[in-house]
Structure formats: C-alpha cells, structure tokens
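Structure first, commentary second.
The values are calculated or read from the model by the stated rules, or taken from the named source; none is laboratory data. The structure presented is a predicted model; accordingly, all values stated were derived computationally and were not measured. Cβ coordinates were reconstructed from backbone atoms using ideal geometry, including for glycine residues, and neighbour counts include every protein chain displayed.
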Amino acid sequence: MKNLKLIEFLKKSLNNCYLGDLKKAENIERKGFFEMEFSEDDLNYRDSFIGFYLSTGSEIIREGDRPIWVRNYRGGLIDKYVGNKEIFTELEEFLRKCLKIGLQEDGFTPRGPKELKSGDWLYKCNWQGDFNNFKGRETIKLKEEEIFYHDFIGGDIIGKDFN
C-alpha cells in the first residue's frame, strides 16, 4: 500500500515539475544546480540536476525531513549534436511525450514506455527491478542513429538516525 501511495505521488510530482512548467524551487539546496520541487501532505519531491546537453541529477522523495526514495540519472546527447539547439529542442519535446506516456502506465515505470516510435524518432527504455530497487537505460534514436541516452538507478533509502 505504501508503494502505491509513493508511486502516485511520484507521478503527480513529475507532472508538476519536469513535465509541467519547470518551475524552479524557491530554496536551492545545491549551488549551481537547477532544482524543482513539489510537496503534498507530508511528502516532498525534489529534482536537482546540473548540465544541459550532458547532465546528471537526482530525484528524491522525503517523508517529513527523512529521505525515503531516490532516482539518480546521467546522460545526454552524443558529441555530434552538442550545441545543436534545434535537435535538442525536438528531442526534449519527444522525451517529454515519452515520459508522459510512461506515467499513464499502471504501477511503476522508471521513465517512459518500453518503446515508442513517432516519425523519425524512436524511444526505448530497458530496465530491471521494481520501485524499491531498479536500474536501466533509456535511449533515443533519430533516423536509426542513437543520439541520446540516460542511465538511471534508484529505489528505497533506509537510513540511520545520526542525531
């Protein structure tokens, strides 16, 4: 039951952050990073990343002040397309479409659907595990050429009280 609540909260958070209006968090926790935040009841979601064409970041869910779940990611465009804002804009539009479709699937999907083709674009997401412990890679091809990837890993956080 707890996982279902957290999965629904994660989906709502993504719709209000990266897949929403990309509103910057009021309080930045990591200098130089772009951060987005969403809260509901005692749950808080924060996506914190750095980079543009090649980036790394993490998404974390907290219950109160206690971190309970995380997803880390890294990747981006292949070197050939770094600096090409036109390709990047089209790619980001397609990626956001894929991630929105992934959110519509039942249960937990760490990113988008397993596969989605739209015109010259092809998205694939291969992963293993479940909400509590997962890893994988998403890729995007343009006209049969892989131009983008993201590796990701995440799951539960079981901490120790250091106070």
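Checked against the criterion of being touching a residue at least 40 places away in the same chain (Cβ under 8 Å), of a type in the set (G, A, S) and within 28 Å of R62 (Cα to Cα), the stretch 99-122 has at least one qualifying residue.
Taking G102 as the residue in question, decide whether it is in a strand (DSSP E or B), within 21 Å of C17 (Cα to Cα) and under 13 Å from the mean Cα position of the chain (by Cα).
The answer is no for G102.
The condition of being surrounded by 18 or more Cβ atoms within 10 Å (Cβ to Cβ), without any contact (Cβ under 8 Å) to a residue 24 or more places away in the chain and not polar (S, T, N, Q) holds for only one of E93, E59, E35, that being E35. Residues of the stretch 111-149 that are part of a strand (DSSP E or B) and in contact with a Cys (Cβ under 7 Å, 6 or more places away or on another chain): L116, Y123, G136, E138.
The single residue among F108, F152 that is under 24 Å from S39 (Cβ atoms), of a type in the set (F, W, Y) and outside any strand (DSSP E or B) turns out to be F108. Selection of the stretch 32-51 for residues being modelled with pLDDT of 90 or more and in a loop (DSSP other than H, G, I, E, B) yields F33, D41, D42.
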